[in-house]
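Only one structure is covered here, and it is reproduced in the block below.
The values are calculated or read from the model by the stated rules, or taken from the named source; none is laboratory data. Just so it is clear, the structure is predicted and the values come from calculations on it, not from any experiment. Here the Cβ positions follow ideal geometry from the backbone for every residue, glycine too, while neighbour counts run over all protein chains shown. Ligands, DNA and RNA are stripped out before the accessible areas are found, and what is left, the full protein with its side chains, is counted by its heavy atoms. Shrake-Rupley method; radii C 1.70, N 1.55, O 1.52, S 1.80 Å.
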Amino acid sequence: MMRQVLRFSPDSVRPGRAAVLALQGMSGDIEPDPRLDAYMDKALDILGRLCEPSAVYQMVSVPEFDGVFRGSGLNEVRTPLAGIYPRAQAMALFAITLGGPVSRRIAELFEADDFVLGYVLYAAASAAADRCAEAVQEAFGGALVAAGRVPSSRRTLRYSPGYCGWHLSAKRGLFDLLSPEEIGVTLGKSFLMEPLKSVSGVLVCGEPGIHEFKNAFPFCGRCSHRTCRERH
């Protein structure tokens, strides 16, 4: 269980209409619109044909993660994760990707000035990537319980560089330890991952209470997501 590579079916990460709309700044209960629904159907069809969802995770100790977390020393002075991971019972670095074809198709649509379909496909792929990240989160937590390492009452949640004060530079150490090239994910000099629709971070398992924090950090006021509380 130290390291696992997982492959998922496109159907297993297919997002719902509400999730795609939310990423476009629209409510999930918006009235059906024939034009929007046509673009949604097209985007989900392309996603189903082209996405190749896969993931890799590798267990990491608290001392090993210390170096990854610090990155280049550019984290905010106070971050939620700094108070969470030292209390973990198990952790794993992870990366997921939807593969190259769907990311290339998004780029092609924008290059062809097909902005509406490109934008809807971009949102659908983002929602699918989130579902893929949720799947590896559940897989890791389930494997820990099945192996008898933690009781079923423990909670596993994922955290990614670039959010909640954890600087993007942490991706360098994460990639050095995890080597997600095995599933086709690489890291550029600006910490941008390729393929575009990829996610990386750390899976933290422990008592549910370790994941609780007040979103009153200085950077919370600049956050446009505000989803940290919803997943607890």
## Note on the structure
Reported set for region 30-58 where residues are at pLDDT 95 or above, part of a loop (DSSP other than H, G, I, E, B) and among the aliphatic types (A, V, I, L, M) is none
### Message
Conditions first: (1) within 30 Å of residue 36 (Cβ to Cβ); (2) open to solvent by 40 Å² or more (accessible area, probe 1.4 Å); (3) assigned to a helix (DSSP H, G or I). Residue 117 passes all but one, so which condition is the exception?
### Response
(2)
#### Entry: Qualifying positions in region 206-231 - at pLDDT 90 or above, open to solvent by 30 Å² or more (accessible area, probe 1.4 Å) and in a helix (DSSP H, G or I)
208, 209
#### Entry: Conditions (1) assigned to a helix (DSSP H, G or I); (2) closer than 22 Å to residue 40 by Cα; (3) not polar (S, T, N, Q): number failed by residue 142
(2)
### Message
Of the residues 72, 61, 27, only one is loosely packed, with under 14 Cβ neighbours inside 10 Å and modelled with pLDDT of 95 or more; which?
### Response
61
### Task
Scan region 166-176 and give yes if some residue there is in contact (Cβ under 8 Å) with a residue 60 or more places away in the chain, within 21 Å of residue 7 (Cβ to Cβ), open to solvent by 20 Å² or more (accessible area, probe 1.4 Å) and touching a Leu at 6+ places or on another chain (Cβ under 6 Å), otherwise no.
no
### Query
What are the residue pairs meeting all of these: first residue in region 203-223, first residue in contact (Cβ under 8 Å) with a residue 24 or more places away in the chain, second residue surrounded by fewer than 17 Cβ atoms within 10 Å (Cβ to Cβ) and among the aliphatic types (A, V, I, L, M), Cβ atoms under 9 Å, and 6 or more apart or on different chains?
218/77
### Query
For residue 81, are the conditions met, namely being under 21 Å from the mean Cα position of the chain (by Cα) and under 16 Å from residue 160 (Cα atoms)?
yes
### Message
Looking at residue 52 and the list (1) over 30 Å from residue 218 (Cβ atoms); (2) charged (D, E, K, R); (3) over 21 Å from the mean Cα position of the chain (by Cα), which single condition is not satisfied?
### Response
(3)
